[in-house]
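The values are calculated or read from the model by the stated rules, or taken from the named source; none is laboratory data. All of these numbers come straight from a predicted model, not from anything done at the bench. Here the Cβ positions follow ideal geometry from the backbone for every residue, glycine too, while neighbour counts run over all protein chains shown. With ligands, DNA and RNA removed, areas are computed over all heavy atoms of the protein, side chains included. Shrake-Rupley method; radii C 1.70, N 1.55, O 1.52, S 1.80 Å.
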Amino acid sequence: MIDRQARNLPLDAHLHTDLSPDSDVPIDAYAEQALERGIDEVAITDHVDFEPGTPAYAATTFEQRERVVREAAERWGPRGVAIRFGVELTYDRRFEADLREHLRRHAYDFVIGSVHVYRSSPYASDRVAAFVAGRSLPEVVAPYFDEVEAAARSGLFDAVGHLDFVKRYLHPHVMPAQLAAAPELYEPILRALLDTGTALEVNTSGLRQVAGETYPSAAIVARYRELGGERVVVGSDAHRLNAFAWGLADGYDHVRAAGFDALTFRRGGAPESVPLVRTPNALGVRSL
């Protein structure tokens, strides 16, 4: 049986602990896995939502999340696992002012901005079939892709997460192959990333979901590079312990095949370059 949980890579930049409402993993469990598997550095990116009634709205406090992560970093750093205090903020342009205020008041090492699908979305499981019916592919993806482009153009984030995560919810009404045949639909998002210097996240959770491919696919990662993209990062988006670093090597392969030789990651200061291959001095990196 193939072990899809990666080994000997420098970074997993997207992990959820039991401080996210949809995860049950204590932070030390991830750290133990990182030590065992040779993943030198991890970012804890628990959810924060801004719309009342959504799962991670006021689920925890900034102070609680920071304390848990910083204390774990102190415990595990001497053992060779660097733990960074990150966050995954749900982007919704209706609440952009709230996001800006949150980031003005709170300092993170690394910030992912992502668009999610909740009960009110046209992509919710009890709505998506009716929404797709009679619409063209551009019309189907427009609500999601327009919001992702707005997230990229906001300039609020170090990286935009799982930019075509909607593939998970469109299945089986719209299949990944249909989106692959229309790469032009991604161009506004990719150009927004370029314009704002925001990194593209290669999120490997799609490999263990119905999409069967990363968010976004290898072809879109390659197109981003062709357009002049320079900043990319990879994360497993684990919410369960057995998903830690799952498919991470595939994500690194996509990045390498596109022509990148490093990831871009922030540790609270300026973005830094993280070589794709582990080095003896794993955290000896150069600023960008």
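What GluC sites (Glu not before Pro) does region 87-156 have in DSSP loop regions with at most 11 other beta carbons within 10 Å? Intermediate values should be presented prior to the final figure.
Numbers: sites: 88, 96, 101, 139, 147, 149; in loops: none.
Passing sites in region 87-156 do not exist.
What is the sum of charges, Lys and Arg at +1 and Asp and Glu at -1, for the other residues whose Cβ falls under 13 Å from the Cβ of residue 51? Don't jump to the answer; show the numbers that get you there.
On the way: positive: 93, 94, 119; negative: 49, 92, 96, 98, 147.
Within the 13 Å Cβ shell, the charges total -2.
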- Which percent, to the nearest 5, of DSSP beta bridges fully inside the chain are antiparallel? 25
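Report the FRET efficiency, 1/(1 + (r/R0)^6), for residue 2 and residue 101, where r is their Cβ-Cβ distance and R0 is 45 Å, rounded to 0.05.
Details: r = 46 Å, r/R0 = 1.01.
For residue 2 and residue 101, the calculated efficiency is 0.50.
Below 8 Å between Cα atoms, with a sequence gap of 6+, how large is the relative contact order for region 130-254 in percent?
Values: 166 pairs, mean separation 30.7, N = 125.
RCO, region 130-254: 25 percent.
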- Can you work out the accessible area per residue across the chain, with the rest of the protein chains kept in place, probe 1.4 Å, in square angstrom? 42
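Relative contact order, percent, of the chain when contacts are C-alpha pairs under 8 Å separated by at least 6 residues?
Details: 553 pairs, mean separation 57.8, N = 288.
Value for the chain: 20 percent.
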- Task: Would you work out what percent of the accessible area of the chain, with all protein chains in place, is carbon or sulfur (probe 1.4 Å)?
- Result: 50
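Give me the dipole magnitude in Debye, nearest 20, for the chain about the Cα centre, with unit charges on the beta carbon: positive for Lys and Arg, negative for Asp and Glu.
260
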- Cα centroid separation, region 45-67 to region 138-157 (Å): 22
- Query: In the full protein assembly as shown, how much of residue 16 is accessible to a 1.4 Å probe, in Å² to the nearest 10?
  - Reply: 0
- Item | Within region 84-108: backbone nitrogen closer than 14 Å to the residue 58 label point (7 Å, Cα to C-beta) | none
- Query: Contour minus end-to-end for residue 74 and residue 29, with contour as 0.36 nm per residue of separation and end-to-end as the Cα-Cα distance?
  - Reply: 14.7 nm
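When the dipole is taken about the Cα centre of region 148-288, and only Lys, Arg (+1) and Asp, Glu (-1) are charged at their Cβ, what size is it in debye, to the nearest 20?
Dipole of region 148-288, to the nearest 20 debye: 340 debye.
Can you give the Rg to Rh ratio for region 97-137, taking only C-alpha atoms and Rh from Kirkwood?
Details: Rg = 16.3 Å, Rh = 13.2 Å.
Here the Rg-to-Rh quotient is 1.23.
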- For residue 91, the residues 5 or more places away or on another chain with a placed amide H closer than 5 Å to its own amide H are 114, 115, 116
- Charge dipole magnitude, Cβ of K and R +1, D and E -1 - region 3-109, Cα centre, debye nearest 20: 280
- Message: Given points 7 Å out from each Cα along the Cα-Cβ axis, report the residue 146 to residue 277 separation in nanometres with one decimal.
- Response: 4.7
